[in-house]
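The values are calculated or read from the model by the stated rules, or taken from the named source; none is laboratory data. Keep in mind the model is a prediction, meaning the values are calculated, not measured. Using ideal geometry, Cβ is built from the backbone for each residue, glycine included, and neighbour counts are taken over all protein chains shown.
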Ligand code: AMP
Ligand code: ZN
């Protein structure tokens, strides 16, 4: 297979007209395919929808939305649209928000996914000459095999290191000429923090590319990681229901993630009215995979909140860009009546050089009293060597910045480097222990 085929170049280079024509063609095929599954067969019948009536993208609003709850109800295999013998792989979502959901793939589905992933990795400029160490958990989590097959398809040497064991990671990176890593941002930060605590410089690893995703992170976090390691961080988005990673990735302009519209039809809706938001405004991302045949999912409500960045990217690609996610609709906290995403707090913390990279937001509410948010954040390694007064002043100043950003006063607890729990997968940033009466 030549390079252009490996990354699906003919799809990558499509212009808007080509994307639209292709999407219409694929949507019609996808809906007919979906109708073969017990779930959509029943759903379409209930709605009186004839799959033959879906002829172009303009018809998409005639189709039902699919929710995570629908996926649970269809568990284990009511959305399967092919004979089981055609299925070569099963993945489940991580179950961050409840029971996992099962996703089936045919051999062709897996090929297409690998192509998308290879294309995504290559957007950064990384090629088959690069060596990619995957720090994601292998197993059901799609950040393992998803990235792995993509890297191999690109022709890279893949190191399936998995998470945990920082000394082994460092040894592999140093001994095998690793130039790129894939990890969660929180894990990449943990490795840097650990190195610094041991008096080592992450820059000396010589890494060039970091593909970071699977959880929300702020621009401040990206800048800090780039500064620490001297690599470029590319935001990487995906979810198990839509295969996994490889849905959207940043290019070298690092200004939003190109979402591969040859493979996904994108809608951004108001989660309450379910109507489209005007282009450029924040809403819930709704995706329809149009190249997956084993288990098509129609208009999937991702619960992820983002917006489309209007205009064309300087790189020339015409697949539109998603802005950094503010979080999931279910991540939003209501603290003393104020709506806030944890990312707002992260933005403030990560801009402070004297703080480390790990933090936790702890919410409590005593009987009949007001909500209390305690921000527990690690100090940077050298921050404790200065005078107590300096630290006190910094803490007070931080308190004011948080108040400005959040709209309420939080308790700040500065803790020693390395003292907060580290997650091997997605970081758990919020502990909500409020008793709701
Ligand atoms: P899973 O299917 O278990 O891998 O989880 C997918 C979810 O992880 C998505 O729906 C998002 O909420 C989150 N996620 C993945 N990548 C990113 C990213 N780059 N930024 C923010 N959230 C992300
Ligand atoms: Zn671009």
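Residues of region 273-291 being more than 13 Å from ligand 1 (Cβ to nearest atom) and either at pLDDT below 95 or touching a helix residue (DSSP H, G or I) at 6+ places or on another chain (Cβ under 6 Å) (or both), which ones?
279, 289, 290, 291
List the number of the failed condition for residue 165; all other conditions in (1) modelled with pLDDT of 95 or more; (2) surrounded by fewer than 18 Cβ atoms within 10 Å (Cβ to Cβ) hold.
With respect to (1) modelled with pLDDT of 95 or more; (2) surrounded by fewer than 18 Cβ atoms within 10 Å (Cβ to Cβ), residue 165 is out only on (1).
Output the residues belonging to region 378-400 that are under 30 Å from residue 368 (Cβ atoms) and surrounded by fewer than 17 Cβ atoms within 10 Å (Cβ to Cβ).
Answer for region 378-400, where residues must be under 30 Å from residue 368 (Cβ atoms) and surrounded by fewer than 17 Cβ atoms within 10 Å (Cβ to Cβ): 395, 396, 399, 400.
Among the numbered conditions (1) within 18 Å of residue 288 (Cβ to Cβ); (2) part of a loop (DSSP other than H, G, I, E, B); (3) in contact (Cβ under 8 Å) with a residue 40 or more places away in the chain, tell me where residue 55 comes up short.
(3)
For region 335-365, give me each residue that is over 20 Å from residue 386 (Cβ atoms) and out of contact with any strand residue (DSSP E or B) (no Cβ under 8 Å at 6 or more places or on another chain).
337, 338, 344, 347, 348
Can you spot a residue in region 85-100 that is surrounded by 24 or more Cβ atoms within 10 Å (Cβ to Cβ), in a helix (DSSP H, G or I) and touching a strand residue (DSSP E or B) at 6+ places or on another chain (Cβ under 6 Å)?
The answer is no, given that none of the residues of region 85-100 is surrounded by 24 or more Cβ atoms within 10 Å (Cβ to Cβ), in a helix (DSSP H, G or I) and touching a strand residue (DSSP E or B) at 6+ places or on another chain (Cβ under 6 Å).
Go through region 202-212 and count every residue that is within 11 Å of ligand 1 (Cβ to nearest atom) and either assigned by TED's automatic domain parsing to the domain that holds residue 423 or in contact (Cβ under 8 Å) with a residue 40 or more places away in the chain (or both). Lay out the reasoning, then the answer.
The first filter runs over region 202-212 and keeps only residues within 11 Å of ligand 1 (Cβ to nearest atom), leaving 211-212.
From the residues that got through so far, the ones that are either assigned by TED's automatic domain parsing to the domain that holds residue 423 or in contact (Cβ under 8 Å) with a residue 40 or more places away in the chain (or both) too are 211.
Qualifying residue count, region 202-212: 1.
Can you spot a residue in region 245-258 that is part of a loop (DSSP other than H, G, I, E, B), more than 9 Å from ligand 1 (Cβ to nearest atom) and touching a helix residue (DSSP H, G or I) at 6+ places or on another chain (Cβ under 6 Å)? Working first, answer last.
Going residue by residue through region 245-258, those that are part of a loop (DSSP other than H, G, I, E, B) are 251-256.
Going one step further and asking which of them are more than 9 Å from ligand 1 (Cβ to nearest atom), we end up with 251-256.
Then keep just the ones that are touching a helix residue (DSSP H, G or I) at 6+ places or on another chain (Cβ under 6 Å); that gives none.
Checked against the condition, which is being part of a loop (DSSP other than H, G, I, E, B), more than 9 Å from ligand 1 (Cβ to nearest atom) and touching a helix residue (DSSP H, G or I) at 6+ places or on another chain (Cβ under 6 Å), region 245-258 yields no hits at all.
What's the total number of residues in region 219-234 that are more than 17 Å from residue 348 (Cα to Cα) and either outside the structural domain of residue 179 (by TED's automatic domain parsing) or in contact with a helix residue (DSSP H, G or I) (Cβ under 6 Å, 6 or more places away or on another chain) (or both)?
So the count comes out to 4.
When only residues in region 184-201 that are without any contact (Cβ under 8 Å) to a residue 60 or more places away in the chain and over 20 Å from residue 234 (Cα atoms) count, which is surrounded by the fewest Cβ atoms within 10 Å (Cβ to Cβ)?
Out of the qualifying residues, it is 199.
Name every residue in region 226-244 that is outside any strand (DSSP E or B), touching a residue at least 60 places away in the same chain (Cβ under 8 Å) and more than 9 Å from ligand 1 (Cβ to nearest atom), in order of residue number.
243
Can you tell me which condition residue 36 does not meet? The list is (1) in contact (Cβ under 8 Å) with a residue 24 or more places away in the chain; (2) touching a helix residue (DSSP H, G or I) at 6+ places or on another chain (Cβ under 8 Å); (3) surrounded by fewer than 20 Cβ atoms within 10 Å (Cβ to Cβ), and all the others hold.
Failed condition: (2).
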